[in-house]
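Presented below is the structure to which this report refers.
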Amino acid sequence: MRGLKVPSFYRRMLKEKIDLLLTDCFDQRPDLFLIDILISENNEISISIDGDNGVKVEDCIFISRQIEGNLDRDEIDFSLKVSSCGATSPLVNVRQYSKHYGRTLTIKTFDDIYEGKLISANEKNINLVWKVKEPKPVGKGKITVEKSIDINYSKIKEAKVKVKF
């Protein structure tokens, strides 16, 4: 049956069952949370997770075993991949911001792009600070000025951690 397209109502039923299983997983492991779940037409299930303290291989194995152990392969064939969201993946969940305090983020809003150090994050917005050189108010030359902005989550189009090597 693998490789065959599965009707969309079966995929919806499968997703509902997986959602329930994931809820149970996250009840057992409240430090983990869902980033994304995709189910292809061929029942290839991809689950992306993150955690307040990062994600270890053991965390992915835990989720994978909980899902696989509670789905009947005789009922419907599937493949399953559980992974962490990755260092270069966009931040999509409010919980992801708090673990990146002090790191540089690139934030695209619907109006502008900001790059700065994450100073705070709460349930409504984040605060970034950065330094910029501006002309002196009097005389020639430039001075370094610290800028700051509060950005509401609803205004964020894309947010990424700037990875430094």
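Limited to the range 45-73, what total is found for residues that are open to solvent by 20 Å² or more (accessible area, probe 1.4 Å), touching a helix residue (DSSP H, G or I) at 6+ places or on another chain (Cβ under 8 Å) and more than 17 Å from Gln28 (Cα to Cα)?
Looking only at that region, the number is 1.
Just checking, does the range 68-86 include any residue being modelled with pLDDT of 95 or more and acidic (Asp, Glu)?
Scanning the range 68-86, I find no residue that is modelled with pLDDT of 95 or more and acidic (Asp, Glu), so the answer is no.
With the structure loaded, tell me whether Arg73 is out of contact with any strand residue (DSSP E or B) (no Cβ under 7 Å at 6 or more places or on another chain) and either part of a loop (DSSP other than H, G, I, E, B) or not basic (Lys, Arg) (or both) or whether it fails that test. Step through it out loud before you land on a result.
Numbers: out of contact with any strand residue (DSSP E or B) (no Cβ under 7 Å at 6 or more places or on another chain): yes; either part of a loop (DSSP other than H, G, I, E, B) or not basic (Lys, Arg) (or both): yes.
Yes.
Can you find even one residue in the range 10-31 that is without any contact (Cβ under 8 Å) to a residue 60 or more places away in the chain, assigned to a strand (DSSP E or B) and either surrounded by 13 or more Cβ atoms within 10 Å (Cβ to Cβ) or of a type in the set (Lys, Arg) (or both)?
No, the range 10-31 contains no residue that is without any contact (Cβ under 8 Å) to a residue 60 or more places away in the chain, assigned to a strand (DSSP E or B) and either surrounded by 13 or more Cβ atoms within 10 Å (Cβ to Cβ) or of a type in the set (Lys, Arg) (or both).
Examine the range 131-153 for a residue that is of a type outside the set (Val, Ile, Thr) and within 19 Å of the chain's Cα centre (by Cα), and state whether such a residue exists. Full working, then the answer.
Taking the range 131-153 first, the residues of a type outside the set (Val, Ile, Thr) are 131, 133-137, 139-142, 146-148, 150, 152-153.
Still in the running and within 19 Å of the chain's Cα centre (by Cα): 152-153.
Among the residues of the range 131-153, at least one is of a type outside the set (Val, Ile, Thr) and within 19 Å of the chain's Cα centre (by Cα), which makes the answer yes.
I want to confirm something. Restricting to the range 125-149 and keeping residues that are basic (Lys, Arg) and either modelled with pLDDT of 95 or more or touching a Lys or Arg at 6+ places or on another chain (Cβ under 8 Å) (or both), which single residue is nearest to Val94 (Cα to Cα)?
Lys147
With the structure loaded, tell me whether Ser89 is modelled with pLDDT of 90 or more and open to solvent by less than 40 Å² (accessible area, probe 1.4 Å) or whether it fails that test.
Spelling it out, Ser89 is indeed modelled with pLDDT of 90 or more and open to solvent by less than 40 Å² (accessible area, probe 1.4 Å).
Quick one: which of Val82, Val132 is in contact (Cβ under 8 Å) with a residue 24 or more places away in the chain, in contact with a Ser or Thr (Cβ under 8 Å, 6 or more places away or on another chain), part of a strand (DSSP E or B) and not charged (D, E, K, R)? Before the answer, list the steps.
Details: Val132 fails: in contact (Cβ under 8 Å) with a residue 24 or more places away in the chain.
Within the list Val82, Val132, the selection yields Val82.
Within the range 101-126, which residues are open to solvent by less than 30 Å² (accessible area, probe 1.4 Å) and more than 15 Å from Glu158 (Cα to Cα)?
Ala121
Could you check Leu38 against (1) in a strand (DSSP E or B); (2) within 30 Å of Ala121 (Cβ to Cβ); (3) open to solvent by less than 70 Å² (accessible area, probe 1.4 Å) and say which number it fails?
(3)
Under 9 Å between Cβ atoms, which residue pairs at least 6 apart in sequence (or on different chains) link something in the range 58-70 that is of a type outside the set (A, V, I, L, M) with a partner that is in a loop (DSSP other than H, G, I, E, B) and open to solvent by less than 80 Å² (accessible area, probe 1.4 Å)?
Asp59/Arg29; Asp59/Asp31; Phe62/Arg29; Glu68/Phe78
The values are calculated or read from the model by the stated rules, or taken from the named source; none is laboratory data. Since this is a predicted model, take the numbers as computed values, not measurements. Here Cβ is always computed from backbone atoms with ideal geometry, including for glycine, and neighbour counts include all displayed protein chains. SASA here: full protein model, heavy atoms, side chains in, ligands and nucleic acids out. Shrake-Rupley method; radii C 1.70, N 1.55, O 1.52, S 1.80 Å.
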